[in-house]
Every structure is written in C-alpha cells, then in structure tokens.
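Q: What follows is a structure written as structure tokens; I'll ask about it next.
The values are calculated or read from the model by the stated rules, or taken from the named source; none is laboratory data. Only a predicted model underlies this, so the values are computations on that prediction, with no experimental measurement involved. Because the Cβ atoms are built from the backbone with ideal geometry, glycine has one as well, and the counts that use them run over all protein chains shown.
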Amino acid sequence: MTHTTILLGAALTWALIVTVPAAAHHSFAAEFDANKPVELKGVVTKLQWTNPHGWIYVDVKDANGDVTNWAIEFGAPYSLLQKGLRKTDFPVGSEVVVKGFRAKTGKPVANARTVTLPDGRNFYASASDSPGAPVEVSAR
C-alpha cells in the first residue's frame, strides 16, 4: 500500500465522519410550524439525553381524559447543561409544562421553546442553532 493510498483512505474516512452527523441535523422550518404554538402539561415517561437533540416524552391528558404521548425535541444536552438543566431534572413521573411548536405532520411531536419544572424553574430548552426557529427571550 502506498503512502498516497493511505492518505486518500484517511481523507475519505474523515469526510464521512464529518458529513454524516451534519446531514442528520435539520432546520426548525423543515419539521415544525411556527404558526402552531402548543402548551403541553403532562407527566414525563421517557428522556433521551442524546446529540444532536435531546427528546422528552410526556403523557398529556386532553379535555376528554384521553392520554397522548408527545415526543418533544429539546436542544443538545451540552447547551441544556449550560442553561442549568440536568438529566436528573426529568425523572419519569414528574409533571412538566412545555411550550413550543407542533410538527408539520400533525403527529404528537413538538419542538420545545421553554420547559417549566415541578419546582417552578423555567428554562429555554430549544436548540439555538435551528435555522428558522422563532426567538424566545423570556426564559433563561
């Protein structure tokens, strides 16, 4: 194997490592509707503290008593940590209030803007790097 072949292979591998995560990232406007705000009050059923975006799953009861499990996209774990949020702030069974925007698909999926925890703390929970996302300045 020549030195050129090894360098070419390394460059190709590096290009794949760098571009695959970027391709998985999306803009707010591609998936969510800024004209459809939603406020969800419910009980945490699951938390995924993962990159590039964290997800919280919340059982929300409607006026008829029917329960729907909502998937709510948050910012990246590192940005949430910088704002003071911790994984331990979302124990399964705790009640939260999330304000955000519905998915364009109409499914029970939302992009969070703010989250209010049971102790009353309110945090900006969105990804600040989502192109097309509405700006929220009232929370931390």
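Q: May I ask you to list the residues in segment 52-81 that are surrounded by 13 or more Cβ atoms within 10 Å (Cβ to Cβ), of a type outside the set (Val, Ile, Thr), more than 8 Å from the chain's Cα centre (by Cα) and in a strand (DSSP E or B)?
A: 57, 59, 69, 70, 71
Q: Out of all the residues in segment 28-51, is one or more in contact (Cβ under 8 Å) with a residue 12 or more places away in the chain, in a loop (DSSP other than H, G, I, E, B), out of contact with any Cys (no Cβ under 7 Å at 6 or more places or on another chain) and small (Gly, Ala, Ser)?
A: Scanning segment 28-51, I find no residue that is in contact (Cβ under 8 Å) with a residue 12 or more places away in the chain, in a loop (DSSP other than H, G, I, E, B), out of contact with any Cys (no Cβ under 7 Å at 6 or more places or on another chain) and small (Gly, Ala, Ser), so the answer is no.
Q: Let me ask another. Exactly one of (1) modelled with pLDDT of 95 or more; (2) part of a loop (DSSP other than H, G, I, E, B); (3) within 15 Å of the chain's Cα centre (by Cα) is unmet by residue 130. Its number?
A: Exception for residue 130: condition (1).
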